[in-house]
Amino acid sequence: MKKVVFFTDSKDLDEALDNFNISSFSGKSVPVKLHMGEPKNKHFIKPDFTKVVVNALKKFGAKPYLFDTTVSYSGRRHTKEGYLEVAKIHGFTFKNIGCDVVIDDTGFNVKVEGRDYEVAENIFNSTHIFALTHVKGHIATGMGGAIKSFGMGGVTKETKRKMHHGSRPLYHKNACTYCGVCAEMCPFEAIEVQTDSWNQNMSKCFGCGVCVDACKTKAIIHKDADIQFVLACAAKACVQDKNVVYLNELKRIAKSCDCDPSSDPIICPDIGYLISDDPVAIDKATLDLIYEVKGNVFEKENKISPYKQIKFGEEIGLGSSSYQLIEL
Ligand code: SF4
Ligand code: SF4
């Protein structure tokens with residue numbers, strides 16, 4: 001059973017970290033994987049708290065630096081230079097935090113469950129990593145936590161694009177009964193079904209896979225695989241055989257992700273922080289704590305169950321959903 005430490009005051013961070021093999025971080029160059037926010041987003045992890053984490057890692061003898069990857073969609077975070085500008089605007093600078101900020105645009109192939117994932121160079125080359133994740137909802141995966149932080153955030157933009165593209169639905173007319181269930185279930189109204197016609201608006205499709213799960217005749221399948229499956233696989237490609245400590249911040253829990261310029265509304269009150277060395281355990285504990293306060297709020301708001309990434313993560317050996325919660 002994996003340990004997950006829960007605390008509500010950032011002053012307890014050192015004590016929480018002491019529960020894990022943090023002394024092994026001493027002398028190591030440590031990427032602190034975080035999302036520094038899309039322009040206009042308000043809820044990404046804050047520089048002040050990031051500084052608290054960086055200082056704690058320094059106290060344990062580590063040499064931390066802030067780290068993220070470029071994104072596949074257009075915008076300033078599509079290039080290294082653009083993302084560094086956004087990071088600076090959002091307060092992630094050497095002057096504010098006391099360490100370098102590095103953005104990766106290239107990576108190395110790692111095979112997991114038969115597929116190749118291009119893992120960002122700085123993650124690939126590191127033995128010790130710290131994952132600093134702001135928990136929020138997500139339009140295609142229900143929730144973004146530790147698994148998604150690596151599953152999408154730890155790979156290159158080419159791999160991100162491939163994962164999104166491969167999760168899009170593929171329609172087989174011969175198996176379709178025109179029951180209309182897929183159209184009713186699609187959270188984005190991307191499907192239109194009439195008596196004898198089925199049409200999809202690809203520009204509205206986020207590859208969430210809800211229609212695939214809803215279709216009982218298998219008239220819709222994924223082009224390649226479920227987004228939450230490849231997310232778990234890509235996360236495994238990033239973290240397997242490495243020393244990783246995960247911190248989930250359960251604050252400013254918004255409906256949508258930090259990639260969304262307007263991720264409002266906040267859908268759950270602030271809860272606190274979790275730390276673990278297991279990405280599946282910490283995300284399961286995150287969902288359980290949020291469930292206690294707001295029920296199945298991610299599924300209610302985004303129409304997508306985030307529990308699939310937990311199930312897939314466990315199945316492929318990314319981690320364990322069984323955990324012991326230790327409250328400080
Ligand atoms: S749920 Fe399946 S069978 Fe029903 S309309 Fe959609 S694709 Fe066709
Ligand atoms: S994958 Fe999701 S967004 Fe795309 S058509 Fe299916 S339900 Fe709609």
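Computed from the coordinates by the stated procedures, all read-outs in this text should not be read as laboratory data. This is a predicted model, so every value here is computed, not measured. We place every Cβ from the backbone using ideal geometry, glycine too, and count neighbours over all the protein chains shown.
Within the chain, the selection of entire DSSP H helices by a Cα span of 20 Å or greater along the long axis and an average Kyte-Doolittle value of at least -1.0 returns 279-294. For the chain, excluding the exposed loop sites themselves (trypsin sites (Lys or Arg not before Pro), DSSP loop, at most 12 other Cβ atoms within 10 Å), the longest remaining stretch covers 41-215. With R₀ set to 51 Å, the beta-carbon distance separating Thr195 from Glu292 gives a calculated FRET efficiency near 0.65.
Distance between the modelled labels on Asn55 and Ile326, one decimal in nanometres: 2.4 nm (7 Å Cα→Cβ projection). Loop-only chymotrypsin sites (Phe, Trp or Tyr not before Pro) in the stretch 45-94, please: DSSP not H, G, I, E or B, and at most 13 other Cβ atoms within 10 Å. Listed in order of number, the matching sites are Tyr73. Evaluate the Kirkwood expression for the hydrodynamic radius of the stretch 26-124, namely the inverse of the mean inverse distance over all pairs of different C-alpha atoms, and round to one decimal in Å. After inverting the pairwise mean of 1/r, the radius is 14.3 Å. For the residue pairs Lys2/Lys284; Lys148/Lys311; Lys136/Lys223, the C-alpha atoms sit more than 19 angstrom apart in Lys136/Lys223. Against the compact-protein benchmark of 2.2 N^0.38 Å, the Cα-based radius of gyration of the stretch 93-224 scales to 1.34.
Calculate log10 I(q)/I(0) of the stretch 228-295 for q = 0.18, 0.22, 0.29 Å⁻¹, where I(q) comes from the Debye formula with a single equal point scatterer on each Cα and nothing for solvent. One equal scatterer on each Cα of the stretch 228-295 leads to -0.82, -1.08, -1.22. Within the chain, the percentage of alpha carbon pairs spaced more than 29 angstrom apart rounds to 35%. With only Cα atoms counted, the stretch 185-322 has Rg and Dmax values of 16.9, 55 Å. Close amide H partners of His138, meaning residues 5 or more places away or on another chain with modelled amide H under 5 Å apart, are Met143, Gly144. Helical runs assigned H by DSSP (4 residues or longer) give the chain a calculated mean residue ellipticity at 222 nm of -8500 deg cm²/dmol, each run adding -39500 (n - 2.57) before division by the residue total. Taking the chain as a Gaussian network of alpha-carbon nodes connected by springs under 10 Å, the highest mean-square fluctuation of the residues Phe44, Phe130, Phe188 belongs to Phe188. Our estimate of slack between His165 and Thr8, defined as 0.36 nm per intervening residue step minus the Cα-Cα distance, is 52.6 nm.
If one computes the Cα centroid of the stretch 207-226 and of the stretch 95-134, what distance in Å separates the two points? Between the Cα centres of the stretch 207-226 and the stretch 95-134 lies a distance of 30 Å.
Length gained on full extension, Gln240 to Glu315: 25.6 nm, using 0.36 nm per residue less the C-alpha separation.
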